[in-house]
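Everything on this sheet refers to the single structure shown next.
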Amino acid sequence: MKFTCTQEHLVRGLGQVSPIAGRNSQLPILEHVQIALEDGVMHLTATDLQVGVRSTVPGKIEEEGVCTIIARKLIGYVQQLPKTHPIIFTSKGNVLTVKTEGFSAQFPIGESDDFPSLPKLPSTTTLTLSAPQFCSSLTRTLFAAARDDTRPEIHSVYLRGDSKALTMAATDSFRLTEDVITPDSFTKDINLLLPLTTAQEVVRLFSDQETLTISLHDGHATFVADGIELSSRLVDGVYPDYKQIIPTTFSVTGTVDKGEFVRALKTLLVFLSRDSRRVRLSVEPGEGRILLTTGSGDAGEGNVSLEFDGDGENLEVLFNIQYVLDSLAYVPTERVRLQFVGTSEPAVFMPDGDDSKYTYVVMPIQA
């Protein structure tokens, strides 16, 4: 095999696939990236058996071929090469030589036959949408998914959609996020559970792309954009009926300045230990304020008063301070709407004053 390309294109392609390599330590071949020279380009592929990523590197092929190389060694080497000269790949026997002006390295080639093939799905597109919009919505949602994989159905992001709307939701049983966007085109309704690690990879790979197409077949999903393809298994399960826990009537509703709310919470963090993350919100609509209180005893105590524009009855409720901060990071408006039912019922936070359909539900801590 023989191939010539630029350092910039090669680093970009390897950067897209190499984070997948080595995540499954049970099979040594999965530490490798597959290099395939065909159809006039270099195809780089890595997989952990759940997620597979293929990237295309443009260049000049003089001799086609396929081999596998340990990914971390290859990218570690080519990242240090100068951008001013082309990089040349050649193979002889079980050795791949990668060289440029003043640099040359030899890499042992792995057993190409042992490298798993990515699933080949029928070329049918289920939906097409704006990649930045989809990835932004996914980012606003996935942080609330369970990090523990003992319950795979919530160690995922739920996607449900038709031609009118695509809804994403995630929960870890203590909090819930939901966001709704409009796809550009839809060929059939979807209802699926996207593994959390896959959702994170989709955001990493496609946020800077223009258009994203998604195809579904036989328990797999394929995401495709310009020069990048990601294939993943889907979670086989039923997502909890989360709609039933989202309150529809409230005893207190109002808005606060998001920036001031974030500042207050971060200020109060200094009084909290890792074992106690409680912040008390004392909502006083008649006084037009919310009092935030944290800490006690030897750790000290902090209090902050915020302007609250709303109505309803006075209410005191305890929350995990980090859960509140997490939600505010994805509110795009200057003010955030807070809606409370009671001291032991879920509260709802959402943007105020825009067309966003982003909703965050958080369970209070019982006193």
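Before moving on, here are some points about what is shown:
- Within segment 31-49, being under 21 Å from Leu194 (Cβ atoms) and crowded, with 17+ Cβ neighbours inside 10 Å holds for Thr45, Ala46, Thr47, Asp48.
- Just so you know, in segment 159-191 the residues that are in contact with an Asp or Glu (Cβ under 6 Å, 6 or more places away or on another chain) and farther than 17 Å from Thr139 by Cβ include one that is surrounded by the most Cβ atoms within 10 Å (Cβ to Cβ), and it is Asp162.
- Scanning segment 149-169 for residues that are among the β-branched types (Val, Ile, Thr) and over 14 Å from the mean Cα position of the chain (by Cα) yields Thr150, Ile154, Thr167.
- Matching residues in segment 119-133 - criterion: being hydrophobic (A, V, I, L, M, F, W, C) and either touching a helix residue (DSSP H, G or I) at 6+ places or on another chain (Cβ under 6 Å) or modelled with pLDDT of 95 or more (or both): Ala131
- Selection within segment 239-278 - surrounded by 17 or more Cβ atoms within 10 Å (Cβ to Cβ) and free of Cβ contacts under 8 Å to residues at least 40 places away in the same chain: Phe271
- The residues of segment 164-214 that are of a type outside the set (S, T, N, Q), over 15 Å from Pro132 (Cβ atoms) and assigned to a helix (DSSP H, G or I), listed by number, are Leu196, Ala199, Glu201.
- Candidates Thr90, Thr45, filtered to the one that is in contact with a strand residue (DSSP E or B) (Cβ under 7 Å, 6 or more places away or on another chain) and closer than 23 Å to Lys120 by Cα: Thr45
- Selected residue (criterion: modelled with the highest pLDDT) from residues of segment 281-312 that are in a loop (DSSP other than H, G, I, E, B) and out of contact with any Gly (no Cβ under 9 Å at 6 or more places or on another chain): Gly300
- Within segment 350-367, restricting attention to residues that are surrounded by 15 or more Cβ atoms within 10 Å (Cβ to Cβ) and closer than 15 Å to Gly259 by Cβ, the residue that is farthest from the chain's Cα centre (by Cα) is Asp352.
The values are calculated or read from the model by the stated rules, or taken from the named source; none is laboratory data. These numbers come from a predicted model, not from an experiment. All Cβ positions, even for glycine, are placed from backbone atoms using ideal geometry, and neighbour counts span all protein chains on display.
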